[in-house]
Structure formats: C-alpha cells, structure tokens
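Everything on this sheet refers to the single structure shown next.
The values are calculated or read from the model by the stated rules, or taken from the named source; none is laboratory data. This is a predicted model, so every value here is computed, not measured. Here the Cβ positions follow ideal geometry from the backbone for every residue, glycine too, while neighbour counts run over all protein chains shown.
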Amino acid sequence: MSTNIPVITLNDGLDIPAIGLGTYSLNGFSGVESIKSGIEEGYRLIDSAFNYENEGAVGRAVREASVPREQLRICSKLPGRHHESDKALRTIEESLLRTGLDYFDLYIIHWPNPKQGKYVEAWQALIEARKRGYVRSIGVSNFLPEHLDRIVAETGAAPSLNQVELHPYFDQAVQREANAKYGIVTESWSPLGRGKGEGVLEDSGVQAIAAAHGKTPTQVILRWHTQLGAVPIPKAGSREHQRENLDLFDFKLTNEQMKTISAFSKDNKRLWDQDPAEYEEF
C-alpha cells in the first residue's frame, strides 16, 4: 500500500486502502492509460464491473503498471442477469479471463434485484467462488438492511463490503449502521454527489472549510467520507484529479465541519433514481 494512505481490514482479514479508484467509463486504450496512471500515482484499490465493459482495460493496466500485483486490490461486480448459480460462476470465470488475472481481491453483487429474487443464490455462488480461489473476498453493492439480513440468515456468511450511493446529500446513516452490525465496510460510489445539477462543491460553506485547510472542496468532501469510516471510490481519469483525490490524509475536519457537510443530507435524496428496493439491473 502507499505509505500515506491508511489501511482498513475487512471482516475476512483482507486489507484495503481507505480510498479507491472508480473506473466507470474508463474504457479502451485511453482507459488503460488512465487506470495505469492511477496506479502509478498511488491507488491500490481499483473498482470495476462486468457491466462497465472495462475489465480488459483494468487487467492490462495492472499488467503494465510497475506495481507488483500482490500490492493491488482489484474488484469487479456480478451483473443482475447472471444471479443464477451456474451463470454467476461462469461470469466470474469470464471476468478473470477478460482481465487476464488469476484472481480478484474483491468480487461483489452489483445490485440485489429484489423483484427477481435470486440474490441469495448469487451470494451462494460468490461463496463457492471464494472456495475455488477465484476471489479473495466477497461483498455486495446497493444492498439494503433487509437484503443483508436475509443473506446472512440463509448462508451464515456476511459480506466484507457493501458499496452504496453515499455523498453529502445522502449520508446513508441508517445503511451504515446496518453494515456495521455485521462488520461490513461501507464503500461510497458517487462520493462527490454529482448528479442532477447538484453542486455541493460550489457551496460557500464547503469552500470556506476548504480554504481553512488549504485544500480543495473535492478533498474536503472525500475527507468527510473517510472520517465517516466509509471508503470513497471517486472516478478520476486525469493525473491531476487522481493526485488531488489522494491528497486527503494530512488534515482532519473538525466535528463542526463534519456537521456542516452532513447537514446537506436529506431522506431519500438519492441523485440517480436507483432505489435498491425497486431498481433492477440487467
């Protein structure tokens, strides 16, 4: 791990850094270069998904980067259309073939798809994939408390991580508490709250906090995540933004500053209209 990035230990013993690189829309040869530059700048946790159609780019970046494979934490996700056990295992195998890697450090269910009702079967497939050595650690994404309760009750195995929409407009306090009950680390997608024209980074209060610390509003918001105990995975294609996003751990927000940022949060303030109780991912 990069020496200045704190390490978090998951409930199954795998260690991950306190911030990762989101790769949604980093595709093709340009995606390879962006992901590779992220690794070179210090990212060690790389988030991908079968449905992002960039597992090949991630794998090539990993092979071409100067960082040893064992220092990296590579994650991908199971799509909703492949929740049946046999399909799930074949999909994980295909994900490995696409990346050219021997194993994933993390593999997670992308969405619960509750109307389809097969997420327990998908979870059992991930447990089997871990036994087979395909993955080191298994988790979920966008799982609500009732989904977590069900998979733990029916399998006895708790996810190591739950990746959810989390940003100042939607701080996921209830969900974070449900995750903590099982020792599940909360990971934040869309951590800067960009969507539907919202603009927390332009807020005068956030900018004042940034000025007080000699940091950017982006760095302040990402630091808010880490002090909540969540792991943000912002997407950043350029070296400039990659460096900015990593420069978080030489300052600390006060309790009052944390409250100022958390005050943006409102119930049901998702920015992407993807409520896991209803949303069905293909």
Taking the range 228-256 and the residues there that are closer than 10 Å to Gly38 by Cα and touching a Ser or Thr at 6+ places or on another chain (Cβ under 6 Å), the one that is modelled with the lowest pLDDT would be Gly237
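Might you check whether a residue that is charged (D, E, K, R), farther than 25 Å from Leu72 by Cβ and free of Cβ contacts under 8 Å to residues at least 24 places away in the same chain occurs anywhere in the range 130-147? Break it down into steps so the answer makes sense when it comes.
Step one: of the range 130-147, the residues charged (D, E, K, R) are 130-132, 136, 146.
In the following step, the residues that additionally are farther than 25 Å from Leu72 by Cβ were identified as 146.
So of that shortlist, the ones also free of Cβ contacts under 8 Å to residues at least 24 places away in the same chain come out as 146.
Looking through the range 130-147, at least one residue is charged (D, E, K, R), farther than 25 Å from Leu72 by Cβ and free of Cβ contacts under 8 Å to residues at least 24 places away in the same chain.
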Taking the range 159-187 and the residues there that are farther than 14 Å from Gly139 by Cβ and charged (D, E, K, R), the one that is surrounded by the fewest Cβ atoms within 10 Å (Cβ to Cβ) would be Glu177
With respect to Lys115, is the statement that it is among the basic types (Lys, Arg) and under 18 Å from the mean Cα position of the chain (by Cα) true? no
When residues of the range 107-125 are filtered for being closer than 18 Å to Val164 by Cα and either assigned to a loop (DSSP other than H, G, I, E, B) or at pLDDT below 95 (or both), how many remain? 5
Output the residues belonging to the range 173-195 that are within 15 Å of Asp275 (Cα to Cα) and either free of Cβ contacts under 8 Å to residues at least 40 places away in the same chain or part of a helix (DSSP H, G or I) (or both). Val174, Gln175
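Free of Cβ contacts under 8 Å to residues at least 12 places away in the same chain and either out of contact with any strand residue (DSSP E or B) (no Cβ under 9 Å at 6 or more places or on another chain) or not polar (S, T, N, Q) (or both): does that describe Ala122? Lay out the reasoning, then the answer.
Details: free of Cβ contacts under 8 Å to residues at least 12 places away in the same chain: no; either out of contact with any strand residue (DSSP E or B) (no Cβ under 9 Å at 6 or more places or on another chain) or not polar (S, T, N, Q) (or both): yes.
When the stated conditions are applied, Ala122 does not pass them.
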Checked against (1) surrounded by fewer than 14 Cβ atoms within 10 Å (Cβ to Cβ); (2) more than 22 Å from the chain's Cα centre (by Cα), His213 satisfies every condition except (1)
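Can Glu154 be described as modelled with pLDDT of 95 or more, within 16 Å of Gln227 (Cα to Cα) and surrounded by fewer than 18 Cβ atoms within 10 Å (Cβ to Cβ)?
Details: modelled with pLDDT of 95 or more: yes; within 16 Å of Gln227 (Cα to Cα): no; surrounded by fewer than 18 Cβ atoms within 10 Å (Cβ to Cβ): yes.
Here the answer is no, as Glu154 does not meet what is asked.
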